[in-house]
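Asker: Below is the structure I would like to discuss, written out as structure tokens.
The values are calculated or read from the model by the stated rules, or taken from the named source; none is laboratory data. Note that the structure is a prediction, hence the values are computed from the model and not measured. Don't worry about glycine lacking a Cβ; one is built from the backbone with ideal geometry, like all the others, and counts go over all protein chains shown.
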Amino acid sequence: MKILTVIGARPQFIKAATVSRVIAANEAIEEVLLHTGQHYDSNMSAIFFEELDIPQPKYNLGISGTGHGEQTGKMLVRIEEVLLTEKPDFVVVYGDTNSTLAGALAAVKLHIPLAHVEAGLRSFNRKMPEEINRILTDHSAEILFVPTDTAFKNLESEGIDEKKIMNVGDVMLDATIHYIAKAEKTRSILSDLNLAPKSFVLVTIHRAENTDDSKKLKKIFDSLENLTKEHRLLLPLHPRTLKGLTSINFALGNSDIQFIEPVGYLDMLILEKNAKMIITDSGGVQKEAYFHRVPCITMREETEWTELVENGCNFLARPENLSKVYNRARSVEFSTSKNMYGDGDAALKIVNTLESYFKKITI
């Protein structure tokens, strides 16, 4: 059985690493990795393959930048060429990026079974490009691997046959469990930055809806500056955020926020686990905060991880009420009951399901 995996952005590298590790242990499966090139900066891409022990992709399309339509269109053309060459039995896509949608469209138009990992997520905000990518990919897929009961119900409500849906848990939990052990043995970022555990607030801001709106970006960073009066804020600076801050003449050197270069996945896990609070606009970081049992504030008006908000682990905030929300979030108590995202064996369930499906269609 041959699987072609399409990846293009950092969260997808992490998710794919968990499944690739299971595939590598199975002599009956060949995996071909295709990297669209959507994340092209070395700190944002290449370092992840090294840290996660992912083999270098057989194909790197080098498609980055440009607008959504042009980027997705270029990816679609090139991915289709690869599929015609490789003739895989399955195409596997992850998450909700332009790479996800391009991989999905290329597969279904060539009648290759498509599996979508992290299916069924909904923010119910169709102005988000990611929301459209999720919906179109889910309705194209033959197998939908959902991380939560909520995601399962979302797909059912949209009329998708429940026989196509499997709740396997979240591959990001698999990754966190596996890589935090490695990170704690090999990384020294806390001592390098002179950070004591639970002495700082970790901040990540990178989504286009925040960074590309100059008024919103200014409000966010004004609210973060207000928090520095009482708390130490550490912010790994995403290139898009730096560009946005430069455009509004934000003086990084005069800020009380501690800005650092973007960090790799292993360092990020260490920072997340040891933060006393996390403020983010990232979908993945919201979950990782929960895995580490660290309170989280999301600088967005909605989230696709609705169960985190419903269970009081994550708090949505606008810039103007960040301080108020912070005071609420600091008192959160985490339940010790079963993790909402499974048992940490999602990757194994995914590979076993693909094998079973392949046997059925080849009988």
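Asker: Take the residues in the stretch 197-230 that are in a loop (DSSP other than H, G, I, E, B) and of a type in the set (A, V, I, L, M, F, W, C); name whichever of them is farthest from Asn249 (Cα to Cα).
Answerer: Phe200
Asker: Kindly indicate whether Thr72 is within 14 Å of the chain's Cα centre (by Cα), β-branched (Val, Ile, Thr), assigned to a helix (DSSP H, G or I) and surrounded by 17 or more Cβ atoms within 10 Å (Cβ to Cβ).
Answerer: It is false that Thr72 is within 14 Å of the chain's Cα centre (by Cα), β-branched (Val, Ile, Thr), assigned to a helix (DSSP H, G or I) and surrounded by 17 or more Cβ atoms within 10 Å (Cβ to Cβ).
Asker: Quick one: how many residues across the stretch 155-174 are under 22 Å from Lys338 (Cα atoms) and part of a helix (DSSP H, G or I)?
Answerer: So the answer is 4.
Asker: Residue pairs, Cβ under 6 Å, 6 or more apart or interchain, first in the stretch 295-320 and more than 20 Å from Asn339 (Cβ to Cβ), second hydroxyl-bearing (Ser, Thr, Tyr) and assigned to a strand (DSSP E or B). List them.
Answerer: Leu316/Thr298
Asker: Mind checking which residues of the stretch 262-276 are modelled with pLDDT of 95 or more and either out of contact with any Phe, Trp or Tyr (no Cβ under 7 Å at 6 or more places or on another chain) or charged (D, E, K, R) (or both)?
Answerer: Asp267, Met268, Ile270, Leu271, Glu272, Lys273, Asn274, Lys276
Asker: Pull up the stretch 175-193, narrow it to residues that are assigned to a loop (DSSP other than H, G, I, E, B) and not basic (Lys, Arg), then point me to the one that is surrounded by the most Cβ atoms within 10 Å (Cβ to Cβ).
Answerer: Across the stretch 175-193, the extreme among qualifying residues is Leu193.
Okay, residues lined up against (1) touching a Gly at 6+ places or on another chain (Cβ under 7 Å); (2) closer than 17 Å to Tyr265 by Cα; (3) modelled with pLDDT under 95; (4) basic (Lys, Arg):
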| position | (1), (2), (3), (4) |
| --- | --- |
| Pro11 | yes, yes, yes, no |
| Asn43 | no, yes, yes, no |
| Val92 | no, no, no, no |
| Val117 | no, no, no, no |
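Asker: Could you check how many residues of the stretch 109-137 are out of contact with any strand residue (DSSP E or B) (no Cβ under 6 Å at 6 or more places or on another chain) and outside any loop (DSSP other than H, G, I, E, B)?
Answerer: Total satisfying the criteria: 9.
Asker: So, one more: Would the stretch 332-353 turn up any residue that is within 14 Å of Cys296 (Cα to Cα), assigned to a loop (DSSP other than H, G, I, E, B) and not charged (D, E, K, R)?
Answerer: Yes, the conditions are met somewhere in the stretch 332-353.
Asker: Against the definition (surrounded by 13 or more Cβ atoms within 10 Å (Cβ to Cβ), within 30 Å of Lys127 (Cα to Cα) and β-branched (Val, Ile, Thr)), how does Val294 come out, yes or no?
Answerer: Spelling it out, Val294 is indeed surrounded by 13 or more Cβ atoms within 10 Å (Cβ to Cβ), within 30 Å of Lys127 (Cα to Cα) and β-branched (Val, Ile, Thr).
Asker: Further question on the same structure: For Gln12, only one of the following conditions fails: (1) in contact with a Leu (Cβ under 9 Å, 6 or more places away or on another chain); (2) buried (at least 22 other Cβ atoms within 10 Å of the Cβ); (3) not in a loop (DSSP other than H, G, I, E, B). What is its number?
Answerer: Status for Gln12: all satisfied but (1).
Asker: What's the number of the condition Glu302 fails, among (1) outside any strand (DSSP E or B); (2) surrounded by 20 or more Cβ atoms within 10 Å (Cβ to Cβ)?
Answerer: Answer for Glu302: the failing condition is (2).
Asker: Let me ask something else. Could you say which residue among Leu235, Leu242 is part of a strand (DSSP E or B) and surrounded by fewer than 21 Cβ atoms within 10 Å (Cβ to Cβ)?
Answerer: Going through Leu235, Leu242 in turn, just one is part of a strand (DSSP E or B) and surrounded by fewer than 21 Cβ atoms within 10 Å (Cβ to Cβ): Leu235.
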